[in-house]
Amino acid sequence: MLAKFNMPGVDPPALVEEQSRTIEAIVQATQVQKVSERDKTMNGNKQTTGAYPVSKEWAERAFIDAKRYEAMYAASIANPEGFWGEHGKRIHWFKPYGTVKNTSFERGKVSIKWFEEGTTNVSYNCVDRHLPERGDQVAIIWEGTTRRMTPASPIANCTPMS
């Protein structure tokens, strides 16, 4: 059912066309910024806005490109349980999940549950599980000093104290 548009003196198609041109102008203005306009200073700190082009070297090392992203997105929409079930295997689970996706959008009873019955630990997945292979790789370079931290550094510094 279409809503009726009844405002004296207003032409609906012209109004829609004008709004479309305004939106397009805003989009173009935000996309066509010069680098010199992107770099601003606030309280002595450089603030960067906008987007910078990706170098060829970075693009070659990227996990995904635009084409692969579009394919992955389409797969996630077409079969969310299969897509996320496969990606759920990329992390460590102390107790494996049974149900990948359990959702209900019933009015008054909205429920969104992912990876039910599973138990994981975000900290373990982000840091601890990488220690055997990557514990000595530099993870943080603290600006202003020459101190470099590896994922194993906090463990080495905390363990004697505990």
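The values are calculated or read from the model by the stated rules, or taken from the named source; none is laboratory data. Everything numeric in this text was worked out from a predicted model, so none of it was measured. Don't worry about glycine lacking a Cβ; one is built from the backbone with ideal geometry, like all the others, and counts go over all protein chains shown. Accessible surface is based on the protein model in full, side chains and every heavy atom, while ligands, DNA and RNA are left aside. Shrake-Rupley method; radii C 1.70, N 1.55, O 1.52, S 1.80 Å.
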Name every residue in segment 123-162 that is at pLDDT 70 or above, among the β-branched types (Val, Ile, Thr) and under 25 Å from Trp93 (Cβ atoms), in order of residue number. Val127
Within segment 78-105, considering residues that are closer than 19 Å to Cys126 by Cα and hydrophobic (A, V, I, L, M, F, W, C), the one surrounded by the fewest Cβ atoms within 10 Å (Cβ to Cβ): Phe94
Whichever residue in segment 109-128 is exposed (fewer than 10 other Cβ atoms within 10 Å of the Cβ) and of a type in the set (Val, Ile, Thr) and, among such residues, is farthest from Pro151 (Cα to Cα): Val110
Which numbered condition Lys34 fails, given (1) open to solvent by 100 Å² or more (accessible area, probe 1.4 Å); (2) under 20 Å from the mean Cα position of the chain (by Cα); (3) over 30 Å from Met149 (Cβ atoms); (4) modelled with pLDDT under 90: (2)
Have a look at Glu133, Glu143 and point out the one that is part of a helix (DSSP H, G or I), open to solvent by 100 Å² or more (accessible area, probe 1.4 Å) and free of Cβ contacts under 8 Å to residues at least 24 places away in the same chain. Glu133
Which residues, counting only those in segment 82-108, are assigned to a loop (DSSP other than H, G, I, E, B) and closer than 27 Å to Thr150 by Cα? Lys89, Arg90, Ile91, His92, Trp93, Phe94
Output for Cβ contacts, cut-off 8 Å, separation at least six or different chains, first residue at pLDDT below 95 in segment 59-80, second part of a helix (DSSP H, G or I) and aliphatic (A, V, I, L, M), reads Ile64/Met72; Asp65/Ala59
